[in-house]
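The values are calculated or read from the model by the stated rules, or taken from the named source; none is laboratory data. What you see is a predicted model; the values in this text were computed from it and never measured. With ideal geometry, Cβ positions are generated from the backbone for all residues, glycine too; neighbour counts draw on all protein chains shown. Heavy atoms of the whole protein, side chains included, go into the accessibility calculation; ligands, DNA and RNA do not. Shrake-Rupley method; radii C 1.70, N 1.55, O 1.52, S 1.80 Å.
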Amino acid sequence: MADLFTLWRNSVDANSRRAVDVYVRELPDYRKIADESGERAAMLDFAVYLRKRTVALVTANEPFPAADLAFIHAVGRNRAESGLSLASQRHALQIHTSLTLKEVHEAANPHDLDDVMHTLAALPTLGLAAQTAYTQGFLAGQEAVLPVVDRVQQLARTLLADDPVAADMAAGVAMNLPGECVVTVVRVPRGNPDRADVLQGLLSRHWTPVCWTGPGEFVALVPDESASLTVVGHFGDLVGLPCAAGAARGRGGELAEAFARARQVSRAAPVRPAPGAVHHLTDLFPEIGAARIPPVDRWLRELAGELADGPDLVATLDAFYRNDMGRTRTAAALNVHPRTLDYRLRRVHALTGLDPASVLGVRILSATVTRALSGWEAV
């Protein structure tokens, strides 16, 4: 009976054809390049080469030599230059890992336990070396075909996904990644800003990972709260539209959770014509909590509906609380006489039964106003 390595080696051609079929079936980018002249054959040749070398090196218990890694690097570069996306490249590496383990399982017999254990011990080191060479080649290839602004956005999205390839990507765009950063999410609920111009303008001032994660959501990863406020201010100037900003601090490699928190805060934050503040969870925890409890959120909506009878009661309460309930400063901010302010506050009391200056009034009405100014986003 043939041993594991013989059966594995004899299956290389069939396994390689199956692998290419899987890539083409599951990855649109691979399907596209496979239709080009000679590309499918080149994909098959590389699949055969990689499997033959893997079997040989596992059998001999040797690492990939420099010549092999240089060739793998060149293939990765070629894939990027052919238009393969980073997402497809990362998915392809996952598929390759799964298929390799499946191929070992299919070739193994019950008496091959020692060889299987040896193989499973050797594959992580070999796989990491090959994937690193391929990825570094891919990133080098992107430099020739992908504008730097797009590569910066790609870096930001990779950081937000906690993908370890981000370190190599950062080196490719000459960015230093701090151990901790403030993930800042800016929401633009209305309008259609020129996203490319905004990115160009920001990167000309702040060489930091930034990206659009949707038509009305922008993310910046900055070293501290001061930089967060500065970037948001410049962003507001460039966009020229009302915005709401939220942020959360996170460690490198653990930014997905910080991104989720910052996004929640941004959706609860008030939308302002000029974003003068970047909110954190501690600033808006009552509003975020209320938004997660539908009956409470509906109650706040009803209160906001009562305030809509006016005149300008939501804006008046917003100014009142932002100025620490100081009558003179609030009246000046609203450009009204203090007696007009007093009338409006009495009107709030009459409509809602809540004194805006009482403890209960502050707790309920401030949350109502902030939720109303947020646009009632789901948190």
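Summary of values
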| item | result |
| --- | --- |
| Principal semi-axes in Å for the range 88-158 [√(5λ), Cα gyration tensor, largest first] | 35, 11, 9 |
| Rounded Å value of the spacing that divides the Cα centres of the range 349-375 and the range 227-264 | 27 |
| Shape of the range 175-304, Cα gyration tensor, a/c cut at 1.5 | oblate |
| Shape category assigned to the range 126-202 from the gyration tensor of Cα positions, a/c cut at 1.5 | prolate |
| Percent accessible area from carbon and sulfur atoms, the chain, protein chains only, probe 1.4 Å | 54 |
| Three-way shape label, the range 1-87, alpha-carbon gyration tensor, a/c 1.5 | oblate |
| Within a Gaussian network of the chain (alpha carbon springs, distance under 10 Å), most fluctuating of A245, A174, A332 | A332 |
| For the chain: accessible area per residue (Å², 1.4 Å) | 48 |
| Lys, Arg +1 and Asp, Glu -1 on Cβ, resulting dipole of the chain about Cα centre, debye, nearest 20 | 1240 |
| Size of the range 24-142 as Cα extents on the principal axes (Å, biggest first) | 44, 30, 23 |
| Dipole axis of the chain (+1 Lys, Arg; -1 Asp, Glu on Cβ), positive-most option in C211, P294, L27 | P294 |
| Per principal axis, descending, Cα span of the chain in whole Å | 96, 45, 37 |
| Relative contact order computed over the range 237-282 (Cα-Cα under 8 Å; 6+ residues apart), in percent | 52 |
| Mean Cβ neighbour count within 10 Å, used as a protection proxy, ranking 133-140, 221-228, 279-286 highest first | 133-140, 221-228, 279-286 |
| Residue among T368, A260, A171 farthest towards the positive dipole end of the chain, charges placed on Cβ | T368 |
